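What follows draws every value from the coordinates through simple rules; no lab data is involved. All values reported here derive from a predicted model rather than from experimental measurement. Cβ: placed from backbone, ideal geometry, glycine included. Neighbour counts: every protein chain shown.
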Amino acid sequence: MKIVKVLGITALATTIALGSSLVEKVKNSGIKPIPSSNYELLKLIDDPKDPITNAKVELGKKLYFDPRLSRSNLISCNTCHNLALGGADNVGAAIGHKWTANPSHLNSPTVYNSVFFDAQFWDGRSAHLADQAQGPVQAGPEMAAPKDLVEDRVNSIPEYINEFKTAYGDNVKINFERITSTIAIFEKTLVTPSRFDQFLHGNENALSKEEKKGLNTFIDKGCASCHNGIALGGTLQPFEIAAKYKFAEVGDFKGNAQGMVKTPTLRNITETAPYFHNGAIWSLKEAVKEMGSTQLGIKINDKDADDIVTFLKALTGEKPTIVYPVLPASTDKTPKPSFD
């Protein structure tokens, strides 16, 4: 009995040591956890010039779900960034105004954890969420609403006016920039901590042995060279470093002027198929193998790909509770929908 007990203690100590060394390995690769305290998280995501408040978040949520911010009154932010579908839309190319597919066959990235991205849009042309939120509202193949139409719609609704005053003060100017920055404040709260974060914060049992093995393979194969930081992605990186992406002909997107493409977050990756900028791959295992050849110049075999996918499943996080808002009623002054 004593021998068995000693062996058991030894095995436990070995497991803890391996777990601790893996945590250090992960952190040394540039991956960071979502802070475990609300205070530390708020320090990361808040802007002292426009601080997050409950009133702004609730107003931003209504605007996020309001299809009247689109020309047709049919498309909201949630249409392409569906919070019930991993913050994406689960189609290859985003569909917008007049049932138009994105002309470059671009896939809708998730909005969850986007506050941790260094760059927004696939070509990284926006540095932060407040600027990003302005793009889809105005874009012809998306919501197709000019700034003045959005302003007229919101300012025609007394309840919205009152909510803006509550959130920002009586002298607030309800213009397009204020409307979209309020949406961004709501989006900042869409953070999804996972068991992986618990593991990095010291809970050795948060991941299974199989998930730890997959995480170790993920690091050893070099995946963290692009998928790092808190988001495990969200930075601009060169694409097709080692080989041609096998679905490069789907759409005409080539990245920014330097050929750089935003690395998608791996958080909640099991919920956001299809994958890559053009949504051409639906299998997560296939996506892992394609990344190996395209970016790392290696062949990832089936066993290693399965191990990595096992780890990636541990990145599925706890979603914030979202109560679908009841939107304020339009008035006689509210501009009517247009389908041109």
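Note on segment 154-207 and segment 287-317: Cα centroid distance 33 Å, given to the nearest whole angstrom. Amide H contacts of ALA101: GLY96, each under 5 Å away and 5 or more positions distant or on a separate chain (H built 1.01 Å from N in the peptide plane; Pro and chain starts excluded). In the chain, a dipole from Cβ-located charges (positive for Lys and Arg, negative for Asp and Glu) runs towards its positive end, and of LEU44, PHE65, ALA93 it is LEU44 whose Cα lies farthest in that direction. Here SER283, SER108 are placed in order of increasing Cβ neighbour count within 10 Å, fewest first, which gives SER283, SER108. Ordered by the number of other Cβ atoms lying within 10 Å of each residue's own Cβ, fewest first, ASP197, ASP170 fall into the sequence ASP170, ASP197. Taking other residues whose beta carbon is less than 11 angstrom from the beta carbon of ASN73, and scoring Lys, Arg as +1 and Asp, Glu as -1, yields +3.
Using the rule -39500 (n - 2.57) for each DSSP H run of four or more residues, divided by the residues of the chain, the 222 nm mean residue ellipticity is -11500 deg cm²/dmol. Charge dipole (Cα centre; +1 on Lys/Arg Cβ, -1 on Asp/Glu Cβ; no other charges) of the chain amounts to roughly 660 debye. Spacing of the modelled spin labels on ASP152 and ASN90, each 7 Å from Cα toward Cβ, amounts to 3.7 nm. In segment 108-264, taking the dipole from charged Cβ atoms about the Cα centre, the farthest positive-side position among PHE121, VAL261, LEU149 is held by VAL261. Panel values: the chain, Kirkwood radius from alpha carbon pairs, Stokes-Einstein at 20 °C and 1.002 mPa s, translational diffusion coefficient 99 µm²/s. On full extension, the segment bounded by ASN162 and LEU74 gains 29.3 nm, given 0.36 nm per residue less the C-alpha separation.
Listed values for segment 79-90 are Karplus-derived 3J(HN,Hα) couplings in whole Hz (6.51 cos²θ - 1.76 cosθ + 1.60, θ = phi - 60°), namely 4, 8, 10, 6, 5, 8, 10, x, x, 10, 10, 6, and x replaces Gly and Pro. Under 5 Å between amide hydrogens, built in the peptide plane, is the criterion, and for GLY229 it picks out ILE31, LYS32 among residues at least 5 positions away or on other chains. When the Cα gyration tensor is reduced to axis lengths a ≥ b ≥ c, the ratio a/c is 1.5 or higher for segment 45-188, and with a/b not above b/c it is classed as oblate. Amide H contacts of GLY234 (H built 1.01 Å from N, in plane; Pro and chain starts excluded): THR263, THR265 sit under 5 Å, all sequence-distant by 5 or more or on other chains. Scalar couplings 3J(HN,Hα) for segment 264-273, obtained by applying the Karplus form with A = 6.51, B = -1.76, C = 1.60 to θ = phi - 60°, are x, 5, 9, 5, 6, 5, 5, 9, 10, 5 Hz; x denotes Gly and Pro. Annotation: for a label point projected 7 angstrom from Cα along Cα→Cβ of LYS336, residues of segment 148-186 with backbone N closer than 20 Å are 148-157. In plain terms, the residue of GLU204, GLU318 with the fewest other Cβ atoms within 10 Å comes first and the most crowded comes last, giving GLU318, GLU204. Membrane-span-like helices in the chain (whole DSSP H runs, Cα extent of at least 20 Å along the helix axis, mean Kyte-Doolittle hydropathy of at least -1.0): 2-28.
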